[in-house]
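Computed from the coordinates by the stated procedures, all read-outs in this text should not be read as laboratory data. Because the structure is a prediction, the values reported are computed rather than measured. Neighbour counts run over all protein chains shown; Cβ positions are idealised from the backbone, glycine included.
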Amino acid sequence: MPSPLRLDPVQETLLLTLYARALDSKAPHPILGDTRSAGLADRIAEDTGYDFAKLKLKPSLVTSTALRAKKLDDVIRGFVAAHPDAVVVDLGCGLDPRWARCAPPDGVDWYDIDFPEVIELRRRYLPDRTHLVAADVTEPGWSGTLPGDRPAVVVADGVLPFLPGDSFRTTLRRLTTRLRSGELALNGYTRFAAWAMKYHPSIKALGIAAAQGFDDPHEPEQWDAGLTFAEEQLLTRAPEVAAFPQPLRALTRLVARSTALSRQGTRVLRYRF
Ligand SMILES: C[S@@+](CC[C@H](N)C(=O)[O-])C[C@H]1O[C@@H](n2cnc3c(N)ncnc32)[C@H](O)[C@@H]1O
């Protein structure tokens, strides 16, 4: 008998990104090629009876999720290559097998943070060599468990819109106070993109009122978190767009001509602290 998953709608969004990576890995020209996510989605469907089809994933969500994951992986790979004693912090890790994709050197300590219900699932389905932290990332306390004296890279993939009010800022302030120096990498959402997300069929299917976003990539420099803007990648202009299915590829290339429109799509932002 399958035993159903017990996740609230925000936690359930991890199944959206998991399934997007799974579908990408089965595409004729995968962007991320994460077959581990595909195996995981199959196991979860079998064990719990979860109906991934209800998420109504469109090709645009599949490609954008896979592409941003790839670009964020690249940031981490670059950072741990330069700092083989680094600390990696994945905020709202969901069931992303990012550690396995990045295959960091042995001297790296990797922390996966998510709600207790999600961490319980990670223990069951992803027994990786990472430190699992069962916590609400916006709560104080858990960051005290991170080693503060080593270079650190903090990643937030698909998390920003779900954090209420200004809690992302306060979370970052705490983190950059605790961690000596390093980088923050995230997929940014403009205010419009975050607002519009709640009308996306997949987000609607989960009944979520997504809300957080910011427009100017320099804005986080004003958050008193010691962040300095380093890079904005507009993913409509990434070479991987060549692997998008049609007509999405043609549309993405059209949007790529405008910086303002590209910003409303997927972008990866990097900051130093
Ligand atoms: C869209 S999923 C992304 C998961 C993962 N990063 C990925 O790319 O597959 C959002 C994740 O953020 C987590 N999350 C949202 N708000 C959180 C919070 N306040 N504390 C901890 N985790 C949170 C959710 O539980 C979920 O796992």
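Couple of notes before you dig in:
- When each of Ile208, Ile203 is tested for being more than 24 Å from Asp74 (Cα to Cα), near the ligand (Cβ under 10 Å from one of its atoms), in a helix (DSSP H, G or I) and touching a residue at least 40 places away in the same chain (Cβ under 8 Å), the lone residue that passes is Ile203.
- When residues of the range 144-162 are limited to those that are aliphatic (A, V, I, L, M) and within 13 Å of the chain's Cα centre (by Cα), the one farthest from the ligand (Cβ to nearest atom): Val154
- Scanning the range 102-114 for residues that are surrounded by fewer than 19 Cβ atoms within 10 Å (Cβ to Cβ) and in contact (Cβ under 8 Å) with a residue 40 or more places away in the chain yields one hit, Asp109.
- For the range 131-143, the set of residues classified as within 13 Å of the ligand (Cβ to nearest atom) and out of contact with any Gly (no Cβ under 7 Å at 6 or more places or on another chain) consists of Leu132, Val133, Ala134, Ala135, Asp136, Thr138, Glu139, Pro140, Gly141, Trp142, Ser143, listed by residue number.
- Pairs meeting the criteria (first residue in the range 120-145 and assigned to a helix (DSSP H, G or I), second residue of a type in the set (A, V, I, L, M, F, W, C) and away from the ligand (no atom under 11 Å from the Cβ), beta carbons under 9 Å, at least 6 apart or on different chains) are Leu121/Leu5; Leu121/Ile44; Arg122/Leu132; Arg123/Leu132; Tyr125/Ile44; Ser143/Val89; Ser143/Leu175; Ser143/Leu179.
- The residues in the range 3-35 that are assigned to a helix (DSSP H, G or I), surrounded by fewer than 17 Cβ atoms within 10 Å (Cβ to Cβ) and touching a Ser or Thr at 6+ places or on another chain (Cβ under 9 Å) can be counted, and the count is 2.
- Taken over the range 170-183, the criterion of being within 14 Å of the ligand (Cβ to nearest atom) and buried (at least 19 other Cβ atoms within 10 Å of the Cβ) is satisfied by Thr171, Leu172, Arg174, Leu175.
- Test: residue in the range 60-78 that is over 22 Å from Glu232 (Cβ atoms) and touching a Pro at 6+ places or on another chain (Cβ under 8 Å): no
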